[in-house]
2 protein chains.
Amino acid sequence: MGLGEIELIERLRRQTGTGDRVLLGIGDDAALTAPQGRTVTTVDAVVEGIHFDRASSDARQIAHKALATALSDLAAMAADPGELYVTLGLPAKTDPDFTLAMADALVELAAGWNAVLAGGDTVGSPTLFLGVTAVGHIPQGEEAVTRGGARPGELVCVTGSLGGAGAGLLMIQGRAAGARLAPGIREALSSRQLTPQPLLEAGRALRGLGVSALIDVSDGLGTDLGHIARTSSVAITVDFDRVPVQEGVAEVASAVDRHLPDLALGAGEDYELALTLAPERFEKVAGALESCGTKLSRIGEVLTGEGVRLTRGGEPLPMPRGFEHRS
Amino acid sequence: MGLGEIELIERLRRQTGTGDRVLLGIGDDAALTAPQGRTVTTVDAVVEGIHFDRASSDARQIAHKALATALSDLAAMAADPGELYVTLGLPAKTDPDFTLAMADALVELAAGWNAVLAGGDTVGSPTLFLGVTAVGHIPQGEEAVTRGGARPGELVCVTGSLGGAGAGLLMIQGRAAGARLAPGIREALSSRQLTPQPLLEAGRALRGLGVSALIDVSDGLGTDLGHIARTSSVAITVDFDRVPVQEGVAEVASAVDRHLPDLALGAGEDYELALTLAPERFEKVAGALESCGTKLSRIGEVLTGEGVRLTRGGEPLPMPRGFEHRS
């Protein structure tokens, strides 16, 4: 690659510190940490041409998306962010300035999310990719929230609004040119796709409040609620009329001649949180989330049985087919 | 990809268990573990066309190399193997049988190295790659061995023998056709390249024996001892005549018209362990390693100063330039 691995590691080592938990970060065979309580670990990767394009994203935006998608899984376990480890797959012809901008962005973004970039690796690769390992922590005596605790009679809820990331991608790809949108709405949709925000504060605020199942909306609400239904051995119904859809998404769906539910529930990448809870807990949980600036909406119910069923205006709605905009 | 991610995850989930430390493995947003003592974490990746080729390696061999190179970093911290997390980057046209063979191999190989495949992710990618996160553990009250503790007056030692992986690669690439080697020696060199063995037992046997610095030989002995010298702020001298070179490596070096030290010390990928220790500790440490079937050789000394110096027959030897056999 254009920039020596030793030079890059030395630069990162100087910028990142150790701390109470990270005893030894970048620069040895492995990082050394002293975790307390329980540890939550997730791995993810973003790949050029699949999850991002250098034509529409700069180094910082690519780093942002890579870290955010991994950190979102920590939010979805109700964990505190801890350590990040990044593997950079770099084509031989990569501009050293790009690599340095990426390294600086990784360090800064990690710190902004209260995480430490504790290790990494660079490898040659024909395709640019970033593999991210995100490690979170649950303090001693507290519990993570998994996908497996939903029970019949509970409510199904989702944070924020959906469809923005999918609509943003269609805009960036130039496929939604016919949509008439105010500049601020365009910008919000585009940011939703390029620089998603992991709901870390919201996720950790959910610990200890009796939320029975929790997942982040990465693949699309239908698919992600399917994971909760399967893991919890329950059925889930969702009323599409109650699903909060981001402003501008309907116009984009119309411009590309697709049904709104396909875009709002099928495109994914919104990184909102979907959860289940007993009805009597709704007010308290919604209040805790509101303190983090996050709105919670009731969108459905947990029933006995299996699978996810969608309705709209009381009529069954086909499951969104997803958006085959990615190879 | 050819095989659905849910199907693959379900298959892996059925095959892998949880345990005392892994409370929740594959199948939720993240794995949930309850580590004790200190945690050691490393990330690594192998990429098609750079670290392996499907023409010369099957799914199991690729999985083997990916896990082994990451686990070797745990050995180099003197840690016990714990959890493995794998990100599979899969081209759209990947044969489902290949993916399944890869998944089965990952589970089996992890178990064979006393590790648990606790999580993973599949992503679409134009280039096949495996990202591996290896997590190891140091029991309460014991210490990891880092790169930073070498002191002037100590010995420099290396396990096993070097150069085999580099010679094996030249053979596999058909560039060493002129080397006259017995079939058993060819086979040993080839295995050294395709299915390296992480020295996990040897690594953990080194805990508590006063080894001052430890690293695995992945980039080539010269480069790797350079990491110890820099991190420990010392100089290191190595007498090439004392370096154990694997049988057949000299013949391959001769067949490709290169100096033996370039191949033995520059090609890397042997995954032996290099270490420093006070002279009076040598016998005890060598004995502990012998109990794991690993031979330890004294090859040099730690001095004040900086950098690594090689000698052969008392004369200075240029640092091996490495082998540019990989893009």
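The values are calculated or read from the model by the stated rules, or taken from the named source; none is laboratory data. This one's a predicted model, so the numbers in the text were calculated from it and none came from an experiment. Reconstructed Cβ throughout: ideal geometry from the backbone, glycine too, with neighbour counts over all protein chains shown. These accessible areas exclude ligands, DNA and RNA; they are computed on the full protein's heavy atoms, side chains included. Shrake-Rupley method; radii C 1.70, N 1.55, O 1.52, S 1.80 Å.
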Checklist entry - Which residues, taken from the range A:89-99, are part of a loop (DSSP other than H, G, I, E, B) and among the small types (Gly, Ala, Ser)? => result A:ALA92
Checklist entry - Can you name the residue in the range B:216-239 that is more than 14 Å from every other protein chain (Cβ to nearest Cβ) and open to solvent by less than 10 Å² (accessible area, probe 1.4 Å) and is also farthest from B:THR304 (Cα to Cα) among such residues? => result B:LEU221
Checklist entry - How many of the residues in the range A:120-129 are in contact (Cβ under 8 Å) with a residue 60 or more places away in the chain, of a type outside the set (Ser, Thr, Tyr) and open to solvent by 10 Å² or more (accessible area, probe 1.4 Å)? => result 2
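Just to be sure I understand, how many residues within the range B:291-306 are assigned to a strand (DSSP E or B) and within 23 Å of the chain's Cα centre (by Cα)? Break it down stepwise before answering.
Filtering the range B:291-306 for residues assigned to a strand (DSSP E or B) gives B:296-303.
Filter again for within 23 Å of the chain's Cα centre (by Cα), leaving B:296-300.
Here the count works out to 5.
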Next on the checklist: If B:LEU273 meets every condition in (1) touching an Asp or Glu at 6+ places or on another chain (Cβ under 8 Å); (2) surrounded by fewer than 24 Cβ atoms within 10 Å (Cβ to Cβ); (3) within 19 Å of B:PRO196 (Cα to Cα) apart from one, which number is that one?
Outcome noted: (2)
Checklist entry - Can you tell me which of A:VAL132, A:VAL156 is in contact with a helix residue (DSSP H, G or I) (Cβ under 6 Å, 6 or more places away or on another chain), over 17 Å from A:ALA253 (Cβ atoms) and touching a residue at least 40 places away in the same chain (Cβ under 8 Å)? => result A:VAL132
Next on the checklist: I'd like the full set of residues that are within 22 Å of A:ALA118 (Cα to Cα) and open to solvent by 10 Å² or more (accessible area, probe 1.4 Å), limited to the range B:44-68.
Outcome noted: B:ASP44
Checklist entry - Which residues, counting only those in the range B:130-160, are surrounded by 24 or more Cβ atoms within 10 Å (Cβ to Cβ) and charged (D, E, K, R)? => result B:ARG147, B:GLU154
Next on the checklist: Tell me whether the range A:161-173 contains one or more residues that are under 26 Å from A:ALA288 (Cα atoms) and assigned to a strand (DSSP E or B).
Outcome noted: yes
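When you scan the range B:161-169, do you find a residue that is within 14 Å of chain A (Cβ to nearest Cβ) and crowded, with 19+ Cβ neighbours inside 10 Å, even just one?
Here is the first cut: in the range B:161-169, the ones within 14 Å of chain A (Cβ to nearest Cβ) are none.
The answer is no, given that none of the residues of the range B:161-169 is within 14 Å of chain A (Cβ to nearest Cβ) and crowded, with 19+ Cβ neighbours inside 10 Å.
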Item to check | Number of the condition not met by A:GLY120 [criteria: (1) part of a loop (DSSP other than H, G, I, E, B); (2) within 12 Å of another protein chain (Cβ to nearest Cβ); (3) of a type outside the set (S, T, N, Q)] | outcome: (1)
Next on the checklist: Please determine whether any residue of the range A:100-114 is in a loop (DSSP other than H, G, I, E, B), more than 7 Å from chain B (Cβ to nearest Cβ), out of contact with any Lys or Arg (no Cβ under 6 Å at 6 or more places or on another chain) and of a type in the set (Asp, Glu).
Outcome noted: no
Checklist outcome for this item: Here the residues within the range B:63-88 that are within 13 Å of the chain's Cα centre (by Cα), of a type outside the set (Lys, Arg) and part of a helix (DSSP H, G or I) are B:HIS64, B:ALA66, B:LEU67, B:ALA68, B:THR69, B:ALA70, B:LEU71, B:SER72, B:ASP73, B:LEU74, B:ALA75
Checklist outcome for this item: Of (1) more than 29 Å from A:GLY166 (Cα to Cα); (2) crowded, with 24+ Cβ neighbours inside 10 Å, A:ARG38 fails just (2)
Checklist entry - Does the range A:239-248 contain any residue that is touching a Leu at 6+ places or on another chain (Cβ under 6 Å) and either polar (S, T, N, Q) or without any contact (Cβ under 8 Å) to a residue 60 or more places away in the chain (or both)? => result no
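Restricted to the range B:69-98, and to residues that are of a type in the set (Gly, Ala, Ser) and more than 30 Å from B:ARG207 (Cα to Cα), which residue is surrounded by the fewest Cβ atoms within 10 Å (Cβ to Cβ)? Show your work before the answer.
First, the residues of the range B:69-98 that are of a type in the set (Gly, Ala, Ser): B:70, B:72, B:75-76, B:78-79, B:82, B:89, B:92.
Of the ones still in play, those that are also more than 30 Å from B:ARG207 (Cα to Cα) are B:89, B:92.
Details: B:GLY89: 28, B:ALA92: 11.
The qualifying residue surrounded by the fewest Cβ atoms within 10 Å (Cβ to Cβ) is B:ALA92.
Is it the case, given these coordinates, that A:VAL132 is hydrophobic (A, V, I, L, M, F, W, C), more than 11 Å from chain B (Cβ to nearest Cβ) and part of a strand (DSSP E or B)?
Working: hydrophobic (A, V, I, L, M, F, W, C): yes; more than 11 Å from chain B (Cβ to nearest Cβ): no; part of a strand (DSSP E or B): yes.
The answer is no for A:VAL132.
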Item to check | Of all residues making up the range A:230-278, the number that are within 17 Å of A:ALA150 (Cβ to Cβ) and hydrophobic (A, V, I, L, M, F, W, C) | outcome: 9
Checklist outcome for this item: Contact list, first residue from the range A:24-36 and more than 19 Å from A:ASP80 (Cα to Cα), second anywhere and of a type in the set (Asp, Glu), beta-carbon distance below 6 Å, six or more apart or interchain, is A:ASP29/B:ASP73; A:ALA30/B:ASP73
Item to check | Enumeration of residues in the range A:138-160 that are more than 10 Å from every other protein chain (Cβ to nearest Cβ) and in a strand (DSSP E or B) | outcome: A:LEU155, A:VAL156, A:CYS157, A:VAL158, A:THR159
Checklist entry - closer than 28 Å to A:GLY313 by Cα, more than 19 Å from the chain's Cα centre (by Cα) and open to solvent by less than 10 Å² (accessible area, probe 1.4 Å) - does that describe any residue in the range A:206-215? => result no
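State whether one or more residues within the range B:250-260 are within 30 Å of B:ASP53 (Cβ to Cβ), open to solvent by less than 20 Å² (accessible area, probe 1.4 Å) and either touching a strand residue (DSSP E or B) at 6+ places or on another chain (Cβ under 8 Å) or away from chain A (no Cβ under 14 Å) (or both).
Yes; the residues of the range B:250-260 include at least one that is within 30 Å of B:ASP53 (Cβ to Cβ), open to solvent by less than 20 Å² (accessible area, probe 1.4 Å) and either touching a strand residue (DSSP E or B) at 6+ places or on another chain (Cβ under 8 Å) or away from chain A (no Cβ under 14 Å) (or both).
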Checklist entry - If we scan the range A:50-67, do we find a residue that is in contact (Cβ under 8 Å) with a residue 60 or more places away in the chain and at the interface with chain B (Cβ under 7 Å from one of its Cβ atoms)? => result yes
Item to check | A:GLY184 being open to solvent by less than 20 Å² (accessible area, probe 1.4 Å) and without any contact (Cβ under 8 Å) to a residue 60 or more places away in the chain | outcome: no
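Each row is one residue, and each column tells you yes or no for (1) in contact with a Leu (Cβ under 7 Å, 6 or more places away or on another chain); (2) closer than 28 Å to B:VAL40 by Cβ.
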| position | (1), (2) |
| --- | --- |
| B:GLY124 | yes, no |
| B:ALA134 | yes, yes |
| B:PRO139 | no, yes |
| B:GLU143 | no, yes |
| B:THR159 | yes, yes |
| B:GLY166 | yes, yes |
| B:LEU181 | no, no |
| B:ILE185 | no, no |
| B:ARG192 | no, yes |
